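Values quoted throughout were computed directly from the atomic coordinates according to the rules given, and no laboratory measurement underlies them. These numbers were taken from a predicted model, which means no experiment stands behind them. Every residue, glycine as well, gets a Cβ built from its backbone with ideal geometry; the counts of neighbours run over all protein chains shown.
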């Protein structure tokens, strides 16, 4: 998948635990785990907004686009 989720990196930098973020954002720890592993197909803007607000970051700090091998520009 060409979108990489960097939530685990931000949590480590901010010294925030997954369960703390889950409580603050209002989603389950299981969903935080899925986000961290990149095994999600979508994220609600309201969830993204809440995560960015809590971690004091921008969406671009959480998500990164990388070209898939063999993909044309």
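Nearest 10 degrees, 0 to 90: what angle lies between the long axis of helix 45-55 and the longest principal axis of the chain (Cα atoms)?
Helix 45-55 and the main axis of the chain meet at about 60 degrees.
Take the Cα radius of gyration of region 3-65 and divide it by 2.2 N^0.38 Å, with N its residue count; two decimals is plenty. Intermediate values should be presented prior to the final figure.
Working: Rg = 10.2 Å, N = 63, 2.2 N^0.38 = 10.6 Å.
Scaled against compact globular proteins, the figure is 0.96.
When the chain is treated as a GNM, springs tying every alpha-carbon pair under 10 Å, which of 32, 51, 43 comes out with the largest mean-square fluctuation?
Comparing 32, 51, 43 in the GNM, the peak value goes to 43.
Restricting to Cα pairs below 8 Å that are 6+ residues apart, what does the relative contact order work out to for region 3-65? Please round to a whole percent.
53
For residue 15 and residue 67, what does the FRET efficiency come to when R0 = 35 Å and r is the distance between their Cβ atoms, rounded to the nearest 0.05?
Given R0 = 35 Å and the Cβ-Cβ separation, E is 0.60.
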